[in-house]
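Take a look at the structure below.
The values are calculated or read from the model by the stated rules, or taken from the named source; none is laboratory data. Note that the structure is predicted; figures quoted are calculated from it, not measured. Using ideal geometry, Cβ is built from the backbone for each residue, glycine included, and neighbour counts are taken over all protein chains shown.
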Ligand code: FAD
Ligand code: SF4
């Protein structure tokens, strides 16, 4: 017989926050918390080995943290012979085990899981600055669904970097002061590395045994897996990198994996770091004179603006969003995305660090691997599957809008007013990759020409009718239209010849 008022509280691997709405809503004496490692969560997208270690180890540490705080916790390991290998199955087993009459959780931030766990009471996720309903009502009342306007509304709502109802410094956005090309002489302090403890070592062994065929380098594993590790990682960023964040935000340098990026997305997305605390701490660094406004505003905009905005887009547009293909891109994803085997130096650099560290910074994701896929016309769903699998911070709600919308323009311009398409000129300006490349960034045609150039103009030509209606693309379409018929043909031959030789995965 069910025990009246006894509940199972399910916590998923990306809900490792002590202030979770579901934890606040229940009585500890009448609740059993359930955390479960199940195979589909590691294999539905075949995740990078380091990411699986990160999530399972962080879950195991969180279970300890909850027990220390006095909660009853059931932790089901992957190898438990009774494990049903589905979250819904584990909730049902726990309900039977503890004779609980109900199950509750904070709503999963994943479309598939929300459906699978529909029988569990789902509470609003309180870890975001805005609710899904708030985003929907913003979308209903704004013809132009650009991130910038949503970000401004959230600045007003939260008071972050606001003074008497106005943005601090008189402007909302300091991008014009930011985003300078890379200077190789600059020195960077990399994120701190954490030695695996006994718990993490056990998970590393588990991943070796069970997921050895997954993508990526497993060891050395050095990510933070506890709240104190991740707090230390963030404090290191605040002290060493935030003051220079803005200026190097778009820069790329050979063998410099992190530059002044924070490398906190993986911790934020798991719930080990709290977005409100992060933004407040960055604001405090500005107020105390430890970091300039342009860096702090740029950083806060990524979290308060982009991160909230993409979540809103995901929940407003799912489930159809994943099959968006506005530009009818149908080239299969090339094998080199997985193998790393390419002589394009910029792509090879981004892929090597993705393979080794499950990390590439935003401009590598957007303007190197994303830009390549956009120009080559690679199928958006396959590109989404790749990004979802290879990055430690990849969860569908944040990955899919960034890939399908921002990088591939496959949503027809909902996320970006123009495609982020660029030739070698941009990559050469913002990085030092081209210096060591076998291709020439200045040539458009011929065996030495950088493939990004012909692919760029071919892309403009192929979609000129669509882009000519776009105010921000008109000039570039006109430039293409001024090429002679012979030049256009030579560009198409060069680009299509290159794309045709790509070995499909
Ligand atoms: P920083 O440059 O230090 O930025 C600070 C924080 O701002 C990040 O930690 C992140 O939480 C947030 N942020 C910055 N840009 C974005 C953005 N566009 N959308 C949402 N949050 C943002 N981010 C993910 O968290 N998971 C993903 O799976 C993911 N996939 C992406 C795929 C593509 C094609 C692109 C173009 C971007 C993707 N991003 C994703 C956004 C961004 O690239 C990463 O958040 C960032 O690179 C993480 O590194 P960082 O912590 O050093 O970021
Ligand atoms: Fe990349 Fe082209 Fe530069 Fe080579 S020349 S690094 S392929 S942009």
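One table, with the values for the structure above:
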| read-out | value |
| --- | --- |
| The listed residue being free of Cβ contacts under 8 Å to residues at least 40 places away in the same chain and within 16 Å of residue 310 (Cβ to Cβ), out of 387, 420, 391 | 387 |
| Residue 431 vs. criteria within 16 Å of ligand 1 (Cβ to nearest atom) and surrounded by fewer than 17 Cβ atoms within 10 Å (Cβ to Cβ) | no |
| Residue check, residue 456 within 16 Å of ligand 2 (Cβ to nearest atom) and more than 21 Å from residue 317 (Cβ to Cβ) | yes |
| Count of the range 366-382 residues which are surrounded by fewer than 23 Cβ atoms within 10 Å (Cβ to Cβ) and either over 18 Å from the mean Cα position of the chain (by Cα) or within 16 Å of ligand 2 (Cβ to nearest atom) (or both) | 4 |
| Matching residues, the range 335-361, being in a loop (DSSP other than H, G, I, E, B), within 12 Å of ligand 2 (Cβ to nearest atom) and in contact with a strand residue (DSSP E or B) (Cβ under 9 Å, 6 or more places away or on another chain) | 342 |
| Residues (in a loop (DSSP other than H, G, I, E, B), touching a residue at least 12 places away in the same chain (Cβ under 8 Å) and more than 23 Å from residue 218 (Cα to Cα)) located in the range 35-83 | 69, 70, 71, 83 |
| Cβ pairs under 7 Å, 6+ apart, first in the range 475-488 and under 15 Å from residue 455 (Cα atoms), second at pLDDT below 95 and not in a helix (DSSP H, G or I) | 477/468 |
